[in-house]
Amino acid sequence: MKKIYSFFIIMIVIGLSATLYGQNYALQFSENSAGLFKNTVTTSGIDVNGNSTLSVEAWVNLNSYRIGSPVLFKENGTNCVAKFIAFYFFVDEIGKVGLGLGNGTNFNVALSNNAIGLNEWHHIAATWDGSIITIYIDGVADGSAAAGGQLYDDGLEMNIGNRWNCLRRSYDGIIDEVRIWKDVRTEAEINANIYRSLPDPASEDDLIVYYKFDAGTGTTAFDHGPNGLNGQLGGVIFPSSTSTEPAWVLSTVPFISCPEVDLGEDQLVYYGYNPYACATLTAEVTGGTPPYSYAWSNGETNQSIEVCPDEPSVYGVTVTDANDCSVSAETFVDVINVKCGWGGHKVLMCHSSFWFPNFQYTICVHQFLVPWLLYFGDQLGSCNNYKSIPLLGEVPEFNSEKEIQDFDWKMFQEYQLSNPGLIENSLIVYPNPVQTYANIEFNSHTNEFTTVEVYDLMGQKIETLFSDLMKAGQQYRVNLNASEYRSGTYLIVLRQAETVKRQKITLR
C-alpha cells in the first residue's frame, strides 16, 4: 500500500493570511492565588542530567505579565538553590522571553531583546549548544547569553505552567504545542515546524517530549514523541499546596493547513500487451492553498502521468501548495510480463476451456485474439500469476479462434472419456455483441431431444435454431442470422428434458 510522508519547506511568514486556522485544543492556565491555587501539568521521567545541549519551544498567549511566568520548569528536589534548577523557560514581568539553566555550580539566564504582547499568539523557543543560550521569538533569533557546563538534574518531575516548589511562580494564559529536544535546533529547523504539527514525531530520536494538547478532555497530556512521557493535569500535591487542572480550550494557534495527497490504490500493468501496458497515476489533492505544483519521482510535473514500466516500480509525488507546504505520497505499480512466442510478439493468457470452464491452462496467442478471449473471461498472464497451477505441462500457441476451440474440444473429449457423467451441458455464443451473424455451440452429456431457440425479453419466441436428438459428448454448432432482428437484447435458450440453459446476447 501507499506510504505517505509530509514535510514543510522553510518559509518566512509575514502577515498570516486567511489560510491559517486553529489547531484543535490548548490548555488555559490561571495565576496563583496566595500561592495556593495551582494550574499545572506534571511530567515524570524526563532526565537531562549531564546534557550539554537542549532546545525548548512552545506557543504562548498571555493574559497578563507576571514575575517569571513559567512555561516549563524542571526543579530539583527540595533544594531551592537556583543552580540546581535543570531548566526554566519563562516570560518575565515585562514580556521578555527567558531560559535559565543550572549546572550545579551556576544558574545562567538569557533574555530576549524584545517583549511579546498580551492576548496574542507567539511562538517562543530557546536553544543551548553547551556554551550559548539563544532565544527565538516567532522564528527569529532575539537575544543570547553565555552558559557553560552540563545540566544538573536529580530526576524531579517537570511542570508546565507553574512552579509550585520553593519560590512559587504561575503562568496566566494559554499554552500549546510544547516541544523539548535534547539537541540544538537550528533556526531553519525551528522555522520549518512553527506553523504545523510535527509530521512524524515518534521517529524523532532527539525529541524528549511533544505535547500537542489536542485531547480536549480528560486529565492526560499525551506525549506524541518517541518516549511516551505523558503529563498529568493537576500535577502532584506538595505539602500545604492545592493542585488544580488547567482548562481545555479551543486553540487559535495560527497553523497553516497543509494539503493532503492520495494516489489511489496500487495498480497492475501487463508488459507486452499495449492496451494494458500502462497505468495513469493521478495525485488527488485536498486541503492546503491552491495552486499546487507536482514533482514526480520520474521528473514529470503534471497532476496526472502515464507510466509504462517493464518491471515492478514505485512512483512518488511531492505536492506543494501556495504556502510552500508540501506533502508526499507514493504508490506501487506491479508488472506481469505477458510476452511469449518467437520474438515475444504473442501474449500469455490464463484460458478457461469453452467446454469445461473449471479447466484452466496457460496459452500463448496472437495479439488480435486477446480481446476475444478477455470477453469470454480469460485473464492476461499465465495461470501461475493467479496462484493457479497450469493443467498442461507445456504452453500451447494459437493463431486463430478455431485452433483454440479445436484444442479445447479435444481436451474436453479426453476428459469426458476418463470422467463420464461429470461434464455438464454447455452453451456458447460468439461473437457477442452480435453485428449480424453469430455462432452457437453446445453439447450434452446424455442422449436427449434438445431445442435451441431465440426469445426477446418479453418472452416472445423469435425462432427455433435447433430441434433434434443430441448424442452425448458430441459437439453441435448452429448459425444465427440476425440481419432482420431489431437492435437490442435477446435470449438463446437450450432445453433438454429438465435442463434449461440461457445465454443473453446483444444485437447492435
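The lone criterion from (1) surrounded by 13 or more Cβ atoms within 10 Å (Cβ to Cβ); (2) modelled with pLDDT under 90 left unmet by P420 is number (1).
Scanning the range 478-491 turns up one or more residues that are within 23 Å of S353 (Cβ to Cβ), exposed (fewer than 11 other Cβ atoms within 10 Å of the Cβ), in the same structural domain as I440 (by TED's automatic domain parsing) and out of contact with any helix residue (DSSP H, G or I) (no Cβ under 6 Å at 6 or more places or on another chain). Taking the conditions (1) farther than 18 Å from A26 by Cα; (2) touching a residue at least 40 places away in the same chain (Cβ under 8 Å); (3) among the small types (G, A, S) in turn, S251 satisfies each one other than (1).
Restricting the range 325-342 to residues that are among the hydrophobic types (A, V, I, L, M, F, W, C) and within 29 Å of P199 (Cα to Cα), the residue that is nearest to the chain's Cα centre (by Cα) is A329.
When the test is whether a residue is more than 48 Å from the chain's Cα centre (by Cα) and either at pLDDT 90 or above or in a strand (DSSP E or B) (or both), I440 passes it. State whether one or more residues within the range 225-232 are within 30 Å of D334 (Cα to Cα) and small (G, A, S). So far as the range 225-232 goes, no, none of its residues is within 30 Å of D334 (Cα to Cα) and small (G, A, S). Take H351 and decide whether it is surrounded by 19 or more Cβ atoms within 10 Å (Cβ to Cβ), of a type outside the set (K, R) and at negative phi. So H351 fits the description; yes.
If you go through the range 106-160 and pick out every residue that is polar (S, T, N, Q), surrounded by fewer than 20 Cβ atoms within 10 Å (Cβ to Cβ) and under 21 Å from D172 (Cα atoms), you end up with 2. Residue-level check: of (1) under 41 Å from the mean Cα position of the chain (by Cα); (2) among the aromatic types (F, W, Y); (3) farther than 20 Å from A188 by Cβ, Y136 misses just (3).
The set of residues in the range 166-189 that are over 25 Å from A26 (Cβ atoms) and at pLDDT below 95 comprises C166, L167, A188.
Only one of these conditions is not met by F73: (1) more than 23 Å from L233 (Cβ to Cβ); (2) modelled with pLDDT under 95. Which number is it? Unmet condition: (1). Mind listing whichever residues of the range 39-59 are of a type in the set (A, V, I, L, M, F, W, C) and more than 22 Å from T219 (Cβ to Cβ)? Passing the criteria: V48, L54, V56.
The values are calculated or read from the model by the stated rules, or taken from the named source; none is laboratory data. In this text, all values refer to a predicted model and were calculated from it rather than measured experimentally. Cβ sites come from the backbone with ideal geometry, for glycine too, and all protein chains shown count toward neighbours.
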